[in-house]
1. Compute the Rg to Rh ratio over the stretch 352-501 from the alpha carbon atoms, using the Kirkwood formula for Rh, and round to two decimal places.
2. Report the percentage of all Cα-Cα pairs in the stretch 260-510 whose separation exceeds 31 Å, rounded to a whole percent.
3. Please give me the summed charge of the neighbours of residue 130: other residues whose Cβ is under 15 Å from its Cβ, Lys and Arg +1, Asp and Glu -1.
4. Take the alpha-carbon centre of the stretch 347-383, take the same for the stretch 196-236, and report the distance between them in whole Å.
5. Per residue of the stretch 225-241, what does 6.51 cos²θ - 1.76 cosθ + 1.60 with θ = phi - 60° give for ³J(HN,Hα)? Whole Hz please, x for Gly and Pro, Karplus curve as stated.
6. How long is the gain from residue 51 to residue 193 if the chain were fully straight, where each residue apart is worth 0.36 nm and the alpha carbon distance is subtracted?
7. Among the lysines, which have Cα under 26 Å from the Cα of residue 305 when same-chain residues fewer than 8 positions away are ignored?
8. Among 377, 266, 403, whose Cα projects farthest towards the positive end of the dipole of the stretch 260-510, with charges put on the beta-carbon of Lys, Arg (+1) and Asp, Glu (-1)?
Amino acid sequence: MFFALMVLLVSALLVTGAYVAVEGDVNLTHTSTAQRQAYYAAQAGIQVYLDELNSNPNFWTTCPHTPETAGKLVPVAVPGSTEETYTYETLASSTAPGGTCKSGEPATIVESSTVTADGTFRAKATGIAQSGKGPHGEQLYEQRSIVATFSHSGFLNYVFLSNYEVEDPTTLPGKPVETCKHYYKYRKEHNLLLTCPSFPFIEEDELKGPFHTNDASEIQGSPEFGRSKKDEIQMDEGYYGGTPVFVGTYVKGGATLAPPPTDEELLKTAGYKFKGRTVIELEEGSPNTMTGSTYNAKGEKEEFKKRAFPANGVVYVENATTVNGTAGSCTIEYSPYVYDKNYEEEEAKPYCGDVYVKGKYTESLTVGSQHDVIVIGPIETTHESSGKPTGAATLGLIANDFVRVYHPVTGSGTSTKTNCPGATNQTAATDPRKWGSNPNLVIDAAILSTENSFIVDNFSCGVSLKELTVWGAIAQNWRGRVTEGPGLAGYPHKNYNYDERLETEQPPNFLSPETTGGWKATRETE
């Protein structure tokens with residue numbers, strides 16, 4: 001009898017234990033399910049954020065987040081669900097003052113070049129899912145968060161990028177800027193091809209790297225694009241004319257990558273700020289230094305002593321309002337057909353924020369201008385025998401208007417594309433400014449013109465300057481001419497090489513494009 005009672009007791013304990021274990025497993029399973037649902041809800045929040053980015057290119061600039069009440073984010077229901085919700089918010093950049101994201105201030109959102117995620121920004125989504133009832137009948141929830149890093153292709157991803165494949169209309173008769181603000185299909189349908197002329201890529205052009213235009217490219221002959229299949233050759237509206245050789249992978253259509261309206265956000269962050277016509281020569285060393293001339297706070301021209309590059313690597317030259325006690329403003333209108341008139345006016349009326357620059361560097365730097373950047377000589381860093389840059393130093397040249405190559409010629413008055421009577425290239429000995437033209441010029445830099453183009457002064461005058469070599473990236477709103485054609489004035493041979501270091505080593509505070517589409521979440525972490 002005793003033995004039978006013990007068997008019954010043990011059996012009862014086993015049954016009770018099994019019940020408790022099953023109940024625990026049910027709770028654990030329910031919790032695990034709710035955790036998964038919370039994670040999926042957070043992913044839904046990231047996807048909603050990404051969809052907003054790709055439909056509104058300026059969405060991220062406002063530090064967007066889901067609705068809030070009394071400073072607290074209010075969860076939004078996941079479509080098709082009554083048990084899962086999410087919130088999202090834009091995170092401040094690593095260098096944002098006070099760790100606060102501020103609408104309209106990109107520097108508080110986008111990571112700067114002082115951190116490894118340069119050119120990206122982050123958003124956080126939190127998913128919330130119901131997970132059963134508590135001991136007093138209260139609703140319980142599981143919560144999980146995801147931080148997504150967003151990026152899109154930028155100016156530094158291409159050896160060459162253009163918004164419009166139209167010759168810069170500010171250099172054309174009548175300056176038909178507004179008329180020409182259309183891509184090829186529209187221009188053709190509305191008979192604007194003569195008013196807004198393009199000019200072709202030719203077989204003498206070397207474009208060694210990824211390529212992008214928001215427009216259609218005119219082709220003459222069979223120029224080569226790219227270095228290997230990994231280089232995308234993106235022509236959003238295709239090409240016409242000749243038969244290009246795509247060493248890279250041809251892509252028609254895609255995201256529109258347009259320059260920002262101005263480069264003046266650099267003014268807010270610049271370590272050195274100059275006013276009026278400024279000359280800068282870069283000198284390598286330890287540390288790198290710069291010397292030159294500018295206009296001081298009194299509007300007086302002065303030489304500035306050798307100084308190290310600014311700590312944050314940004315120099316900006318803005319327009320002056322007073323020069324030598326006389327009030328004025330930047331009123332010079334640039335033309336590539338006026339011999340040395342541009343240079344003479346810029347000296348006589350030095351109100352424009354023009355920066356003339358040349359030299360060598362081994363530390364990163366960005367030089368920005370409210371008006372033009374003018375390259376007056378080679379700009380180089382350390383390099384291999386092939387010319388390919390080495391080391392970690394990169395340089396940015398950013399202008400609101402033109403990035404120009406200095407090319408002084410003899411003559412006066414006004415020339416045309418095909419008529420420069422008696423013009424000859426000036427040398428350092430004959431040039432009043434002692435710089436002279438630069439045959440076989442090398443520029444190791446990332447170049448950006450936000451409103452105009454990369455252009456060679458007097459490109460149709462004088463004799464051939466042979467080869468223009470750029471190791472870096474070129475981005476411009478309009479196409480700028482560098483030559484009149486094969487064997488003619490200017491630089492008839494373009495040798496443009498993508499600097500792969502720009503994928504990881506970027507010039508300080510280099511600007512990003514305005515984009516429609518093309519955003520992607522490159523990394524997600526919990």
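Bear in mind that the values in this text are calculations on the coordinates, not laboratory data. Quick caveat: nothing in here was measured; it's all calculated off a predicted structure. Ideal geometry is used to build each Cβ from the backbone, glycine not excepted, and the neighbour counts take in all protein chains shown.
1. Dividing the radius of gyration by the Kirkwood radius yields 0.96.
2. In whole percent, the long-distance tail amounts to 19.
3. Here the charged neighbours net out to -1.
4. Each part reduced to its Cα centre gives a spacing of 27 Å.
5. Once rounded to whole Hz, the list reads 10, x, 10, 7, 4, 6, 7, 7, 10, 9, 10, 4, 10, x, 8, 8, x.
6. 47.6 nm
7. 268, 273, 275, 349, 358, 360, 434
8. It is 377.
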